[in-house]
Amino acid sequence: MATMTMDGMARPMGRAMVRSAGRTSTRTAVPRGVRSVARPAAASAGAVRLTRRGRLVVFLALVTAAMAVASLGLAALRTPSVAALTTQSAAAPAYHRVVVHAGDTLWSIAGRTMPGVDPVEAIGRIRALNAMQPSTPLVAGAVIAVPTV
């Protein structure tokens with residue numbers, strides 16, 4: 001059984017025409033006294049809907065993962081590699097200690113303790129061994145390490 005609509009088209013029974021803002025659509029008629037059941041909107045392909053708790057869990061998991069990666073990266077940067085440790089221990093020069101006297105300079109100490117080595121290279125080795133900056137002054141009475149030739 002069909003019903004005739006205002007535009008002259010036949011529609012099946014139980015369907016009603018709805019006009020709004022120039023558009024025409026159909027919807028199923030609901031008997032009186034029966035509430036319509038809301039249907040969830042069709043989710044777009046591949047979309048995931050998360051609750052507030054779900055979003056919080058995902059956020060906390062991402063933050064935890066980022067912190068773990070950052071801490072592992074920092075630990076890797078701080079820990080010298082086995083090859084570096086082996087190279088440093090094998091190449092570590094033997095040294096002896098020298099007491100700085102009044103008027104001593106690195107040049108004079110290098111010339112006195114490392115006679116066969118270029119003084120510029122000797123000063124570089126002394127500075128590296130004692131972790132000295134170019135601006136570090138020598139103080140009389142200080143003890144410094146000098147590489148053995």
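Take the conditions part of a helix (DSSP H, G or I), modelled with pLDDT of 90 or more, loosely packed, with under 15 Cβ neighbours inside 10 Å and among the hydrophobic types (A, V, I, L, M, F, W, C) and apply them to ALA65. Does it pass?
yes
Filter the stretch 114-142 for residues that are closer than 16 Å to ARG97 by Cβ and not in a helix (DSSP H, G or I) and give the result.
MET114, ALA131, MET132, LEU138, VAL139, ALA140, GLY141, ALA142
Every residue in the stretch 110-137 that is touching a helix residue (DSSP H, G or I) at 6+ places or on another chain (Cβ under 7 Å) and farther than 16 Å from ALA94 by Cβ, please.
Within the stretch 110-137, ALA110, GLY111, PRO119, ILE123 qualify.
Please work out if ASP118 is modelled with pLDDT of 90 or more, surrounded by 15 or more Cβ atoms within 10 Å (Cβ to Cβ) and acidic (Asp, Glu).
Taking the combined requirement at face value, the residue does not satisfy it.
The values are calculated or read from the model by the stated rules, or taken from the named source; none is laboratory data. Treat the numbers as computed from the prediction; the structure is a model and nothing was measured. Glycine gets a Cβ as well: all are built from the backbone with ideal geometry, and neighbour counts include every protein chain shown.
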